[in-house]
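Written below as structure tokens is the structure these notes are about.
No lab work stands behind these numbers, since they all come straight from the coordinates. Values in this document were obtained by computation on a predicted structure and should not be read as measured data. With ideal geometry, Cβ positions are generated from the backbone for all residues, glycine too; neighbour counts draw on all protein chains shown.
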Amino acid sequence: MVSSSFAIHQPERAPKSPFSPAGEKVAARPNEGAYAARNLRKILALFVLFVALTASTAHAQRSYPMLMNLSPTAAQLGETSEHTVESRYSMFGANQVLVSGDGVTGEVVTPMELDKDGKEPALTEIKLKFTVAAEAMPGVRDFRIIGPTGPSTIGQIVITRDPVIVEDPKNDTQQTAQAVTVPSTLCGCVEKAEDVDFYRFVIQQPTSLTFHCLAMRLEDRIHDLQTHVDPLIAIRNAKTGSTLAAADNNFAADPFLSYSFEPGEYLLEVRDVRYQGNKYWNYAIEVSNRPFVSQVYPAVVSAGQTTSLQLVGQNFADAVPVEYPAPATLPNPNVESCTIDISLTATGNVLNPVPVVVTNLPVVVEPDGDNNTFASAIPVMLPGAISGRMEIESDIDCYAFDAKKDQQISVEVLARRNGSALDPIVRILNDKGVQLVENDDMRQWGRRTIQDSKIENWKVPADGRYTIEIRDVHLRGGAEFVYGLEVIQATPQFELVMDSDKSWLTPGSCAALFVRIVRLNGFTGEVQLQLDGLPEGVTATCGKILSDKATDGCIVLEAAADAKPIASNIRVTGTAVLIQDGQEPVTLTAVAQPMQEIYMPGGGRSHYPVSMHTVAVGQPSDIRDVKLSLSEITLKPGESVKVDVELLRADGFDKNVTLDVLYQHLSSIFANTLPAGVTIDAKNSQTLLTGTNSKGSLTLTAAKDATPIDRQQCCVMANVSINFVMKATYSSRPLIITVAAP
């Protein structure tokens with residue numbers, strides 16, 4: 001069983017900063033009234049249907065937990081600490097914690113006991129214990145809990161070097177400021193409107209401290225949090241209350257501050273810039289006397305080589321470069337470059353993680369001197385990678401290359417998604433300096449708009465010399481405006497995205513996992529899906545994404561009838577064979593990116609990338625099986641075939657169920673694995689099963705011009721409303737569809 005949900009909320013204000021740390025526009029959860037109005041109209045149109053679906057309800061369908069809050073939100077290296085996690089929907093029976101990366105483990109410590117009446121309590125708050133190895137890499141980790149209703153949504157925990165201090169709820173005024181020692185990591189919450197938190201600390205000797213706030217960046221993965229915090233921090237003189245320094249938006253909406261202190265007593269003030277509040281607006285402020293690295297330069301290094309990296313950031317005692325030996329191989333053999341987080345050591349300090357691009361392409365580092373116009377452009381070869389920087393305001397960098405008519409070229413900037421301050425815009429000019437093509441913001445995985453730029457599959461109009469021009473869209477510049485630039489011959493490729501990040505099965509049941517393709521540079525081939533890492537007792541039947549314009553494929557998971565409660569993270573890949581005229585066949589492979597579904601004002605559904613897709617076997621649920629009268633069908637053009645569907649309901653479960661082959665929400669289709677030209681004949685299907693009715697049907701029809709297809713894997717889903725804002729989805733075993741030739 002796969003659970004899915006959607007939320008309906010009133011429009012709320014977005015964070016002040018319009019961008020996430022990876023460059024994604026926070027407006028991915030838009031709150032404009034027009035958007036909410038459009039979705040409200042959709043919701044009203046479906047309301048009558050919803051009433052029919054939920055009119056007869058014996059008991060509520062159980063939901064997976066939606067993690068909303070972890071307090072404290074940080075854990076220290078080399079320590080074991082206890083934390084409280086809050087959720088929407090019960091976490092009763094939670095028995096496992098999964099954490100991304102290495103060196104951090106978690107466990108549930110709250111006893112799972114029935115109440116005095118022998119019933120399960122609705123546990124929306126439990127205790128977790130995290131153990132962090134001393135050598136673990138600091139930074140933000142994804143985590144989730146596992147229980148009888150499968151995997152929860154993703155939560156996040158900050159792994160920090162310094163002792164963690166938890167906010168005293170009485171620190172709302174300067175007079176009641178909480179006394180703390182620094183360096184430390186301060187964990188608190190802007191829990192109500194007009195909440196202002198104060199921390200008092202004493203400086204004994206002249207020193208410089210950095211204040212790194214993680215708050216808004218911890219909320220992108222929260223499944224159902226419609227408004228994000230926009231934090232502001234300030235340093236005040238404790239005696240006079242005067243403001244000495246303040247910071248607002250540095251890393252997306254999160255502030256960063258560096259200040260040189262003289263001996264004395266000081267206050268740190270933390271609040272939302274709009275004086276708003278929410279009990280889920282947690283923050284962690286890392287107060288440190290170590291250097292803080294925001295970027296490295298060059299931002300691109302060659303695989304298998306050692307490169308001297310200049311550190312960009314605050315609180316450095318000197319500017320001595322750090323030697324970095326890059327790995328010799330990349331995780332994905334089909335990509336030329338990848339971004340990895342590294343932790344360097346400088347001036348005797350192990351530094352905070354920072355991203356660097358490792359590439360197999362020849363690397364050119366922008367030399368000193370003028371390259372601000374197409375006439376002074378630096379010559380580069382294709383394919384290649386460039387590492388550069390906008391050193392000063394109004395800086396423009398130009399790189400010239402020679403190309404032949406009809407060559408297809410892709411140019412991609414790696415900057416904002418890797419923490420650079422640069423908001424790039426890139427264009428290609430001809431030998432007279434005339435613009436031929438331009439791009440500002442790009443689409444990532446076909447779903448997310450990010451601030452980096454990409455010119456994809458550009459066809460060279462004639463033999464000659466061309467210039468790539470890159471600048472900041474606002475003509476800003478400085479040490480932190482670093483970038484990588486990848487220039488390659490565009491060849492057919494593809495990316496894969498999973499919807500979503502968790503699969504919940506019960507013994508003897510099935511779950512559908514959908515994978516969507518993003519076709520690049522004219523790739524039209526068929527992709528076979530594979531899956532690794534399944535828990536014991538679970539098997540997978542992997543389908544394919546058809547060729548041409550098809551976008552979706554599915555994998556059907558099945559738990560054995562005697563499967564025990566268990567969970568593991570999986571890895572989904574897709575493989576295709578690329579055959580081009582006069583060339584040897586090439587095997588292409590892509591790893592699918594897990595995406596957690598998130599919900600937007602007005603009931604819309606969006607996604608955010610996360611680090612894991614978890615498959616878990618839980619307790620038997622309300623629908624034990626979805627049985628089909630046919631496991632394979634063959635359709636001739638213009639022909640229809642009826643597939644009978646029978647549900648195995650749990651005793652006493654009489655809630656309404658809808659049947660579908662499409663994975664959809666409101667009027668949006670998120671997965672359609674049917675062959676082109678095959679549709680559901682709604683008039684001749686029985687898709688609404690009311691009350692105790694367990695038998696329905698779906699009639700599939702092939703258009704007269706349907707393209708012949710051999711054995712495409714689909715499945716039938718049974719959807720159960722949990723409430724007005726959520727549904728649970730169960731799956732049949734695979735339904736194989738063949739479209740015969742005329």
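If I model a spin label as a point 7 Å beyond the Cα along the Cα-Cβ vector, how far apart are those points for Glu194 and Asp705 in nm?
6.7
Work out the length of the dipole vector of the range 630-713 about its Cα centre, built from +1 on the beta-carbon of each Lys and Arg and -1 on the beta-carbon of each Asp and Glu, and round it to the nearest 20 debye.
Here the range 630-713 has a charge dipole of around 120 debye.
Please report the base-10 log of the normalised intensity I(q)/I(0) for the range 297-495, using a Debye sum with one equal scatterer per alpha carbon and no solvent, at each q in 0.13, 0.14, 0.16 (1/Å).
-0.70, -0.81, -1.06
How long are the three semi-axes of the equivalent ellipsoid of the range 321-389, in whole Å, if each is the root of 5 times an eigenvalue of the C-alpha gyration tensor, listed from largest down?
Equivalent ellipsoid semi-axes, largest first: 27, 19, 9 Å.
At 7 Å along Cα-to-Cβ for each site, give me the label-to-label distance between Ala560 and Asp660 in nm.
3.4
Amide H to amide H, which residues 5 or more places from Ile566 or on other chains are under 5 Å from it, using H placed in the peptide plane?
Val617
Give a residue-ordered list of calculated ³J(HN,Hα) values for the range 510-526 (Karplus: 6.51 cos²θ - 1.76 cosθ + 1.60, θ = phi - 60°; whole Hz; x for Gly, Pro).
Residue by residue, the range 510-526 yields 10, 9, 9, 10, 9, 10, 10, 9, 10, 7, 10, 6, x, 5, 10, x, 8 Hz.
Tell me which residues come under 5 Å, amide H to amide H, from Asp625 once H is placed; ignore anything under 5 positions away on its chain.
HN-HN under 5 Å from Asp625: Leu648.
Dividing the convex hull volume of the Cα atoms of the range 429-542 by its residue count, what figure in Å³ per residue is obtained?
166
Can you tell me the FRET efficiency between Lys683 and Ala650 if r is taken as the Cβ-Cβ distance and R0 is 41 Å, rounded to the nearest 0.05?
0.85
Before rounding to the nearest 500, sum -39500 (n - 2.57) across all DSSP H runs of length at least 4 in the chain and divide by the residue total; then give [θ] at 222 nm in deg cm²/dmol.
-1000 deg cm²/dmol
Need the full-extension length gain, Gln530 to Asn349, defined as separation in residues times 0.36 nm minus the C-alpha distance. One decimal, nm.
60.9 nm
How much of the calculated P(r) for the range 478-560 lies past 19 Å, in percent of all Cα pairs?
That fraction is 52 percent.
For His665, His228, His607, His212, what's the fewest-to-most ordering of other Cβ within 10 Å of each Cβ?
His665, His607, His212, His228
Quick one: compute the contact order of the range 624-711, relative version, from alpha carbon pairs under 8 angstrom and 6+ residues apart, as a percent.
Once divided by the residue count of the range 624-711, the mean separation gives 37 percent.
Considering the dipole of the chain built from charges on the beta carbon (Lys and Arg +1, Asp and Glu -1) around the Cα centre, which of Ala462, Pro353, Thr729 is farthest to its positive end?
Thr729
Quick one: Karplus J couplings for the range 540-549, per residue in order, coefficients 6.51, -1.76, 1.60, θ = phi - 60°, nearest Hz, x for Gly and Pro?
Values per residue, Gly and Pro as x: 9, 10, 8, x, 9, 9, 5, 7, 6, 9 Hz.
Once Lys and Arg get +1 and Asp and Glu get -1 on their Cβ, which of Leu698, Thr575, Leu557 lies farthest toward the positive end of the dipole of the range 501-739?
Positive-most Cα among the choices belongs to Leu698.
Which is farthest toward the positive dipole end of the range 548-641 among Pro594, Val626, Ile566, measuring Cα position about the Cα centre, with Cβ charges +1 (Lys, Arg) and -1 (Asp, Glu)?
Looking along the dipole axis, the top candidate is Ile566.
Please get the size of the charge dipole for the range 416-573, origin at its Cα centre, with Cβ charges of +1 on Lys and Arg and -1 on Asp and Glu, quoted in debye to the nearest 20.
The calculation lands at about 220 debye.
Averaging sequence separations of C-alpha pairs under 8 Å and six or more residues apart, then dividing by the length of the range 553-677, give the relative contact order as a whole percent.
In percent, rounded to a whole number, it is 20.
Roughly how far apart, in whole Å, are the Cα centres of the range 405-449 and the range 530-602?
Distance between centres, Cα-based: 30 Å.
Sort Tyr466, Tyr275, Tyr64 so the one with the fewest other Cβ atoms within 10 Å of its own Cβ comes first.
Fewest-to-most Cβ neighbours within 10 Å comes out as Tyr275, Tyr466, Tyr64.
Using alpha carbon centroids, what distance separates the range 281-311 and the range 120-151, in Å?
Value for the Cα centre distance between the two parts: 27 Å.
Can you pull the Rg over Rh of the range 118-172, Cα-only, Kirkwood?
Radius of gyration over Kirkwood radius for the range 118-172 works out to 1.06.
Under the rule of at least 5 residues apart or a separate chain, name every residue whose amide H is placed under 5 Å from the amide H of His607.
Ile598
Would you work out the relative contact order for the chain, in percent, from Cα pairs under 8 angstrom that are 6 or more residues apart?
13
Which of Leu666, Leu628 has the fewest other C-beta atoms within 10 Å, and how do the rest follow up to the most?
Leu666, Leu628
If the range 164-289 were replaced by its equivalent ellipsoid, with semi-axes equal to the square roots of 5 times the Cα gyration tensor eigenvalues, what would those be, largest first, whole Å?
Square roots of five times the eigenvalues give 24, 15, 12 Å.
With charges set only on the Cβ (+1 for Lys and Arg, -1 for Asp and Glu), what does the dipole of the chain come to about its Cα centre, in debye to the nearest 20?
In total the dipole reaches around 1980 debye.
How high is the FRET efficiency from Thr207 to Met112, r the C-beta distance, R0 60 Å, rounded to 0.05?
The value I calculate is 0.80.
Using the Kirkwood radius over Cα pairs, work out the Stokes-Einstein diffusion coefficient for the range 501-739 at 4 °C and 1.567 mPa s, in µm²/s as a whole number.
After rounding, the answer is 69 µm²/s.
Using the structure shown, select from Lys404/Lys454; Lys564/Lys655; Lys454/Lys549; Lys564/Lys695; Lys655/Lys695; Lys627/Lys695 the pairs with a Cα to Cα distance greater than 18 angstrom.
Pairs exceeding 18 Å: Lys404/Lys454; Lys564/Lys655; Lys454/Lys549; Lys564/Lys695.
Starting at the first residue of the range 635-643, write each ³J(HN,Hα) from the Karplus equation 6.51 cos²θ - 1.76 cosθ + 1.60 with θ = phi - 60°, in whole Hz, x for Gly and Pro.
Ordered by residue, 3J(HN,Hα) equals 10, 8, x, x, 9, 10, 9, 9, 10 Hz.
For the chain, what does the equivalent ellipsoid look like in terms of its semi-axes, each the square root of 5 times an eigenvalue of the Cα gyration tensor, given largest first in whole Å?
Gyration-tensor ellipsoid for the chain: 44, 37, 22 Å.
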